[in-house]
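The values are calculated or read from the model by the stated rules, or taken from the named source; none is laboratory data. These numbers come from a predicted model, not from an experiment. Heads up, the Cβs are rebuilt from the backbone with ideal geometry, glycines too, and the neighbour counts pull from every protein chain shown.
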């Protein structure tokens, strides 16, 4: 039982990673009806950006140029990384998706995949194959809640993830740009006719998703401080599955799917041999999708696909 | 522009002189050139200071050491261009006569035979060429089988790597159990000289098992359309990889080796041609037309008495079968497989070849892999930077031609279209007979 409670926090932590990345997949899908296959690699690049930002800020702090405490550095790193990561997302959109707006959907999927491979190779070529260690931003403190040990990192990740999701929700439901995004996901063809700048809104959607992936990258780097260029492939595809599980294009679904995948994976790893983790986890996903083909919160769409 | 202006007279000369040379004569010329290269190539390369015979027309040599450009040019002109031109020019009459005399199947068979001779002689010079050509054949099979689902049926499947994995492991286990002295499977069950004859059996078994596993995916996934298949097949790839990693008797993550050397170039060539032939017949048959109808409008197809469920499942299982066969060939060409060689990157590579070549096109599925492999092989000297150049080229190609190079059209083979034309004219004028 204690074991289970202990694993619960691990599951929540991994669920936050998955949910934050899955949000990027879902938002793009809800507007363009296609999956941004480069999103996993955007997450990877964002984590590297976070690594550089954090290292630079910590260096400045050590040199007494900017006398910041650790908390301030963490917040600054988070904000700067999210800001820079959003430009990575916009660049991906400009290169891989904008020129292919009217092309068959599958062609855009290929350019997305290729941009992803390009980013992996570029990072590998620029930084070498040696693994980078993410700097220690906040020294870990272990709390004891009843019989369960929890680090401050896990709590921070969870709280920040929920705060970001709340912000996103407020942004989408309260602002004008958010309204435009909702309108475009409702009807892609008519909304531009009403004077809403389609390309700007789409670029903004990519930027938002990438910023969230950047936040996930910071939390991931703090929890597992070893970065390598292929981490985006591994975690990105899983977040993609989480987005599907929640329902394509559903923001709420992406969050639920992310946490659900986190729980499934951690619980399988906790109870069965860890090599079986992927096997059982994906079998469960397959089973869920067999009974709910559109995911947990996805709507059955009748729109003719733009294939 | 200046280059085009300079080339125009040359092109004009070429067209007036060689415009009427039939395809078969070109193939014969290339075969003679390849044979000559096999005889004289190493000596000529030594004379020109190239060391060894340039592997792929010297293109990677040029990229690596530009100072060797003149020698490479001389080699290519002497070894390939002149013999091909001369023989093609001389044998054109023979082929024109054959075109009149022979029936279409025999004439097509003759072309395939000459193509085989070209590639066979060409691959004998260098083991590297041999490997590349065999992998090319496998990639053509994979692309073609994927095209059936992604092109003709209009779904999006990414399970090629998973199917390959199943086919590779099933055929490897069968061959190693039957014909090789192995630590796990013990002494060979059958005499070893039977191995080449049992290999087709192993491949068919591999394809069949792959198709059965695909059935598990296909049955639930064709209730809905759209991206659902993409997700299910994605999960399939993960599940297969994870399953193989957990099966210890086939090596788990360490991989599986000791496959007998039965996948020679001839074997791969025969399977590739067989695959192309089967696929061509499939897509030009009523079943292929029905698959297209399902893609364009499923409800309308159903109204026109197409059994959409059956059509979709047959197409998907054919895809699985041929991917499994190609996986079996792959395992025996390399002689070593491990689960991580069949990950999503492999699928992405095949998808790249498919969309470069173009959907809904048999010739596109041949052009795509040929171009893609040509690019990857000539860029080999760049090592890591290769994977920076290839995505850029592919992205550019997709932006310029979003439907791929040959999407929704077929390459016209002159002698076949001429025959077709003559037949149609004869029909139009009311002339009967052949």
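Note on the range B:370-382: residues that are modelled with pLDDT of 90 or more and either over 20 Å from the mean Cα position of the chain (by Cα) or at the interface with chain A (Cβ under 8 Å from one of its Cβ atoms) (or both) total 0.
Just a yes or no: is a residue in the range A:177-188 assigned to a helix (DSSP H, G or I), in contact (Cβ under 8 Å) with a residue 24 or more places away in the chain and under 30 Å from residue A:221 (Cβ atoms)? Yes, the range A:177-188 contains a residue that is assigned to a helix (DSSP H, G or I), in contact (Cβ under 8 Å) with a residue 24 or more places away in the chain and under 30 Å from residue A:221 (Cβ atoms).
The set of residues in the range A:218-254 that are in a loop (DSSP other than H, G, I, E, B), within 14 Å of chain B (Cβ to nearest Cβ) and either in contact with a strand residue (DSSP E or B) (Cβ under 8 Å, 6 or more places away or on another chain) or within 26 Å of residue B:345 (Cβ to Cβ) (or both) comprises A:229, A:230, A:248. Take the residues of the range B:383-414 that are at the interface with chain A (Cβ under 7 Å from one of its Cβ atoms) and not in a helix (DSSP H, G or I): which is farthest from residue A:122 (Cα to Cα)? Among those that are at the interface with chain A (Cβ under 7 Å from one of its Cβ atoms) and not in a helix (DSSP H, G or I), it is B:403.
Output the residue which, of all residues in the range B:147-175 that are within 14 Å of chain A (Cβ to nearest Cβ) and closer than 18 Å to residue B:240 by Cα, is nearest to the chain's Cα centre (by Cα). Of everything passing the filter in the range B:147-175, B:160 is nearest to the chain's Cα centre (by Cα).
So, residue A:295, is that one within 11 Å of chain B (Cβ to nearest Cβ) and either closer than 30 Å to residue A:84 by Cα or not in a loop (DSSP other than H, G, I, E, B) (or both) or not? Spelling it out, it is not the case that residue A:295 is within 11 Å of chain B (Cβ to nearest Cβ) and either closer than 30 Å to residue A:84 by Cα or not in a loop (DSSP other than H, G, I, E, B) (or both). The residues of the range B:183-195 that are in contact (Cβ under 8 Å) with a residue 24 or more places away in the chain and buried (at least 16 other Cβ atoms within 10 Å of the Cβ) amount to a single one, B:195.
Taking the range B:42-109 and the helices (runs of 4 or more DSSP H) fully enclosed by it, the elements with 3 or more residues that are touching a helix residue (DSSP H, G or I) at 6+ places or on another chain (Cβ under 9 Å), within 27 Å of residue B:413 (Cβ to Cβ) and not assigned by TED's automatic domain parsing to the domain that holds residue B:133 are at B:82-101. Assessment of the range A:270-292 against the conditions (away from chain B (no Cβ under 11 Å), touching a helix residue (DSSP H, G or I) at 6+ places or on another chain (Cβ under 8 Å) and assigned to a loop (DSSP other than H, G, I, E, B)) yields no matching residue. Would you check which residues across the range B:251-265 are closer than 10 Å to residue B:172 by Cβ and not in a loop (DSSP other than H, G, I, E, B) and list them? Selection gives B:256, B:257.
Residue count for the range B:199-212 satisfying the condition of being under 24 Å from residue B:335 (Cα atoms) and over 20 Å from the mean Cα position of the chain (by Cα): 6.
Applying the set (1) touching a residue at least 60 places away in the same chain (Cβ under 8 Å); (2) under 18 Å from residue A:13 (Cα atoms); (3) within 11 Å of chain B (Cβ to nearest Cβ) to residue A:257 leaves exactly one unmet item: (3).
Checking each residue in the range B:149-167 for being more than 15 Å from residue B:347 (Cα to Cα) and assigned to a helix (DSSP H, G or I) picks out B:151, B:152. Beta carbons closer than 9 Å, at least 6 apart along the sequence or on distinct chains, pair a first residue in the range A:93-106 that is more than 10 Å from every other protein chain (Cβ to nearest Cβ) with a second that is surrounded by 17 or more Cβ atoms within 10 Å (Cβ to Cβ) and not in a helix (DSSP H, G or I) for A:93/A:36; A:97/A:34; A:97/A:36. Within the range B:226-247, if we keep just the residues that are more than 7 Å from chain A (Cβ to nearest Cβ) and modelled with pLDDT under 85, the residue that is surrounded by the most Cβ atoms within 10 Å (Cβ to Cβ) turns out to be B:229.
Of the listed requirements (1) within 14 Å of another protein chain (Cβ to nearest Cβ); (2) touching a strand residue (DSSP E or B) at 6+ places or on another chain (Cβ under 8 Å), residue A:113 misses just one: (2).
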